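Here the structure is laid out as structure tokens; the discussion comes afterwards.
The values are calculated or read from the model by the stated rules, or taken from the named source; none is laboratory data. The model shown is predicted, which means the values in this text are computed figures rather than measured ones. Glycine gets a Cβ as well: all are built from the backbone with ideal geometry, and neighbour counts include every protein chain shown.
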Ligand code: ARG
């Protein structure tokens, strides 16, 4: 073979492979994005660790695992809890995961996935409080809650109670610490975590859990297929042990 022919062939191969690379680029699927809304001030479900921009928590790990399972890139948006359902309606987010209890009223507005966590409400008071021993003792008392939550709904049913609504759960706890209210009514796992970790050493939980609640992942009513995909991914993560791994990481025990 002549040198000329060889170099022609090399050039040919180069052109061909560049061409292929070009085609490959064009054909490469752009990762599908799942826009996820959450009120990320609800440890250990969703929160920002000090000095970190990353969202941490059980819900955050779970939705990332679900997204991966479904072949989506997960993008988390921090928003107010009472803005989550409107956010689904407006299409600002595709999905919500925010320790949100599946309720009849919410189910009229959005789709929920299968339940992914069992919860309930408890009451938190200051350590030195001896008058409030259970939910019934809240009559006539000042109660702090997070706006738009099941805790707020229950607190409002208490006779003569003065209910103060805060944008986030940490603000409700701060008000208890400052002595502005007698109690906080909020989700048990979050109260447990606050007392154990988040500087809630001068507070305690009283009484038995008031409600049996289950958390679900939300999608817009018109997005039923997405809920089906999420349910399928959730089933798979339960089967392959990934769900249990995430649960144990955050709660230190296996799911009941
Ligand atoms: N489980 C309660 C509810 O659905 C409270 C949830 C609050 N979640 C949050 N990320 N702040 O009403």
- [ ] Sort through 147, 110 and tell me the only one that's buried (at least 16 other Cβ atoms within 10 Å of the Cβ) and either over 18 Å from the mean Cα position of the chain (by Cα) or more than 20 Å from residue 166 (Cβ to Cβ) (or both).
- [x] 110
Open item on the list: For segment 197-223, give me the residue count where each residue is within 16 Å of the chain's Cα centre (by Cα) and part of a loop (DSSP other than H, G, I, E, B).
Closed with: 2
Open item on the list: Among the numbered criteria (1) within 30 Å of residue 183 (Cβ to Cβ); (2) at pLDDT 95 or above, which one does residue 202 miss?
Closed with: (2)
Task: Residue list for segment 236-256, filter: in contact (Cβ under 8 Å) with a residue 40 or more places away in the chain and not in a loop (DSSP other than H, G, I, E, B) - done: 236, 237, 242, 243, 246, 247, 249, 250, 251
Open item on the list: Condition first: buried (at least 16 other Cβ atoms within 10 Å of the Cβ) and on the phi > 0 side of the Ramachandran plot. Can you find one or more residues in segment 222-232 that meet it?
Closed with: no
Task: Selection from segment 163-187 of residues that are more than 10 Å from the ligand (Cβ to nearest atom) and surrounded by fewer than 21 Cβ atoms within 10 Å (Cβ to Cβ) - done: 163, 164, 165, 166, 171, 174, 175, 177, 178, 179, 180
Task: segment 145-159 - residue that is in contact (Cβ under 8 Å) with a residue 60 or more places away in the chain and assigned to a loop (DSSP other than H, G, I, E, B) and, of those, nearest to the ligand (Cβ to nearest atom) - done: 149
Task: Evaluation of residue 93 against (1) away from the ligand (no atom under 12 Å from the Cβ); (2) part of a helix (DSSP H, G or I); (3) touching a helix residue (DSSP H, G or I) at 6+ places or on another chain (Cβ under 8 Å) (one fails), failing number - done: (2)
Task: Count of segment 115-135 residues which are within 23 Å of residue 214 (Cα to Cα) and either over 18 Å from the mean Cα position of the chain (by Cα) or more than 16 Å from the ligand (Cβ to nearest atom) (or both) - done: 5
- [ ] Give me a count of the residues in segment 154-184 that are within 28 Å of residue 216 (Cα to Cα) and in contact with a helix residue (DSSP H, G or I) (Cβ under 9 Å, 6 or more places away or on another chain).
- [x] 15
Open item on the list: Could you check segment 24-75 and list, in sequence order, the residues that are at pLDDT 95 or above, in a loop (DSSP other than H, G, I, E, B) and within 16 Å of the ligand (Cβ to nearest atom)?
Closed with: 39, 40, 41, 43, 44, 45, 57
Open item on the list: Looking at residue 246 and the list (1) within 12 Å of the ligand (Cβ to nearest atom); (2) within 22 Å of residue 62 (Cα to Cα), which single condition is not satisfied?
Closed with: (1)
Task: From the options 45, 135, 58, 112, residue that is touching a residue at least 40 places away in the same chain (Cβ under 8 Å) and farther than 28 Å from residue 31 by Cβ - done: 135
